[in-house]
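Shown next, in structure tokens, is the structure this report addresses.
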């Protein structure tokens with residue numbers, strides 16, 4: 001009886017420790033997100049103020065609009081699917097920032113990326129495989145996090161091309 005009791009107690013305490021461990025996926029994504037945020041903010045800093053209105057062709061977004069689109073998408077995905085916290089900006093507020101000074105755009109982008117990172121870091125491990133409604137069909141919260149990173153990468157790549165088209169060498173890559 002005593003052996004059974006202590007075995008059960010040991011199992012429960014070890015199980016609790018295992019459940020209390022951070023998710024390797026969330027830990028890895030937090031690091032990756034931090035590096036991605038650093039990189040896009042470096043890219044945003046590289047473009048001079050005068051380049052924020054640049055767009056390579058008529059049907060593309062301007063440089064500042066690319067950055068605001070990143071901010072908007074990160075706030076939408078994280079506040080809709082990862083957290084119940086209210087985002088720091090509405091989509092309407094972000095759209096009104098187009099054409100504003102570079103410093104305002106960067107500050108807004110920085111705050112939006114930080115909000116998204118906090119949403120990821122505070123997501124309970126048990127919710128990673130929870131399915132949410134999404135316009136492209138049901139997705140897990142893990143898929144939403146992957147989408148956020150993919151979408152940021154997609155638009156960051158466009159801003160890097162904008163730099164190159166303006167004869168500006170982009171900052172060195174910040175990876176994993």
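Within the stretch 116-127, count every residue that is surrounded by fewer than 17 Cβ atoms within 10 Å (Cβ to Cβ) and either assigned to a helix (DSSP H, G or I) or modelled with pLDDT under 90 (or both).
5
List the number of the failed condition for residue 137; all other conditions in (1) at pLDDT below 95; (2) at negative phi hold.
So the condition that residue 137 fails would be (2).
If a residue must be assigned to a helix (DSSP H, G or I) and either over 14 Å from residue 88 (Cβ atoms) or in contact with a strand residue (DSSP E or B) (Cβ under 6 Å, 6 or more places away or on another chain) (or both), how many such residues does the stretch 60-76 contain?
Residues that pass the stated criteria total 8.
For residue 64, state whether it is touching a residue at least 12 places away in the same chain (Cβ under 8 Å), surrounded by fewer than 21 Cβ atoms within 10 Å (Cβ to Cβ) and over 18 Å from residue 115 (Cα atoms).
no
Provide a single number: the residues in the stretch 149-168 that are free of Cβ contacts under 8 Å to residues at least 12 places away in the same chain and farther than 29 Å from residue 122 by Cβ.
So the answer is 2.
In this structure, does residue 120 turn out to be closer than 15 Å to residue 39 by Cβ and under 17 Å from the mean Cα position of the chain (by Cα)?
Values: closer than 15 Å to residue 39 by Cβ: no; under 17 Å from the mean Cα position of the chain (by Cα): yes.
No, not satisfied.
Has the stretch 82-92 got at least one residue that is assigned to a helix (DSSP H, G or I), surrounded by 15 or more Cβ atoms within 10 Å (Cβ to Cβ), under 14 Å from the mean Cα position of the chain (by Cα) and in contact (Cβ under 8 Å) with a residue 12 or more places away in the chain?
Scanning the stretch 82-92 turns up no residue that is assigned to a helix (DSSP H, G or I), surrounded by 15 or more Cβ atoms within 10 Å (Cβ to Cβ), under 14 Å from the mean Cα position of the chain (by Cα) and in contact (Cβ under 8 Å) with a residue 12 or more places away in the chain.
Under 7 Å by Cβ, and 6 or more places apart or on different chains, what pairs join a residue from the stretch 29-42 that is at pLDDT below 90 with one that is part of a helix (DSSP H, G or I)?
29/120; 29/145; 30/117; 30/120; 30/121
Would you point out which residue out of 23, 79 is surrounded by 15 or more Cβ atoms within 10 Å (Cβ to Cβ) and at pLDDT below 95?
Of 23, 79, the one residue that is surrounded by 15 or more Cβ atoms within 10 Å (Cβ to Cβ) and at pLDDT below 95 is 23.
For the stretch 137-148, state whether one or more residues are in contact (Cβ under 8 Å) with a residue 60 or more places away in the chain, assigned to a helix (DSSP H, G or I) and more than 19 Å from the chain's Cα centre (by Cα).
No, the stretch 137-148 contains no residue that is in contact (Cβ under 8 Å) with a residue 60 or more places away in the chain, assigned to a helix (DSSP H, G or I) and more than 19 Å from the chain's Cα centre (by Cα).
The values are calculated or read from the model by the stated rules, or taken from the named source; none is laboratory data. Please read these numbers as outputs of a predicted model, since none were measured by experiment. FYI the Cβ positions are ideal-geometry reconstructions off the backbone, even for glycines, and counts take in every protein chain you see.
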